[in-house]
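The structure appears right after this line, and notes come after that.
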Amino acid sequence: MSESSNKRGIALVLSGPSGVGKDAVREPLLAACPGLRQSISATTRPMRPGERDGVDYHFLTKEDFEAAIRREEFLEYTLYNGNYYGTPAPFAKKELDEGKDLLFKIEVQGALNVKRFFPDAVLVFLVPPSMEVLWKRMTGRGTEDPETQKARFRTAYRELEFASQYDYIVTNGDLNETVEHVRAIYLAEKARIDRSMALVKTLLQEEIQ
């Protein structure tokens with residue numbers, strides 16, 4: 001009997017205030033954790049340069065997104081700065097039930113909604129080294145007008161207030177250190193006693209031929 005048949009997959013949620021660097025952490029983290037795969041979110045925001053539909057996000061029109069909401073096809077969704085973001089439910093439930101580990105990179109409110117659906121989800125909150133650094137990251141993109149940047153920065157302050165509702169807080173200063181820190185959290189969670197006892201019980205039942 002395989003380990004995956006005895007153990008539910010881990011829902012690792014990577015979140016934090018707007019502009020903190022979730023996208024920058026995601027790819028190297030997935031590369032460092034071969035057993036972890038990405039849960040692809042859907043959004044109505046415009047596609048940014050270099051992004052790919054079905055890889056970075058499922059890019060939907062507002063009409064299509066709202067139709068999916070009515071069909072209850074999202075594990076969670078939120079309206080953020082005028083755009084919808086959501087996690088398609090069928091894919092996530094199926095993968096986790098099969099014992100596969102999923103990485104959810106989502107906004108703060110969406111992360112807390114995932115925790116309501118999956119109480120054993122592991123929530124990691126990324127914070128910037130300082131608000132000055134966060135502002136530089138936001139404005140450094142050059143993809144948004146000044147008013148949008150200011151609105152996102154104000155939102156970031158409000159989002160920081162939710163940090164206490166997460167399981168872990170990681171400062172995203174040096175990218176390599178951040179990735180290693182989150183990787184350590186993931187590996188520790190995989191070895192938690194409440195996640196692994198089913199496998200131990202199976203081993204105890206095996207007979208040596």
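Quick notes
- Residue among GLY140, GLY21, GLY173 with the largest mean-square fluctuation in a Gaussian network model of the chain, springs linking Cα atoms under 10 Å: GLY140
- D (Stokes-Einstein, µm²/s), Kirkwood Cα radius, the stretch 36-149, 0.692 mPa s at 37 °C: 211 µm²/s
- Residues whose amide H comes within less than 5 Å of that of HIS58, counting only those at least five positions distant or on another chain, are SER41, ALA42, THR43 (H built at 1.01 Å from N in the peptide plane).
- Computed from phi, the 3J(HN,Hα) profile of the stretch 66-82 under the Karplus parametrisation 6.51, -1.76, 1.60 (θ = phi - 60°) reads 5, 5, 5, 4, 5, 7, 6, 9, 10, 5, 7, 7, 8, 9, 10, 6, x Hz, with x in place of Gly and Pro.
- Integer Hz, Karplus 6.51/-1.76/1.60 couplings in order for the stretch 176-192, x for Gly and Pro: 4, 5, 4, 4, 5, 5, 5, 4, 4, 4, 4, 5, 5, 5, 5, 9, 4
- Nonlocal amide H pairs with ASN172, under 5 Å, H built at 1.01 Å: VAL127
- Evaluated at q = 0.12, 0.15 Å⁻¹: base-10 log I(q)/I(0), Debye formula over Cα of the chain: -0.65, -0.98
- Karplus 3J(HN,Hα) series, Hz, for the stretch 106-117 with 6.51 cos²θ - 1.76 cosθ + 1.60 (x for Gly, Pro): 9, 6, 4, 5, x, 4, 5, 5, 4, 4, 5, 6
Each reported figure results from applying straightforward, stated rules to the coordinates on display, with no laboratory input. All values derive from a computational prediction rather than experimental measurement.
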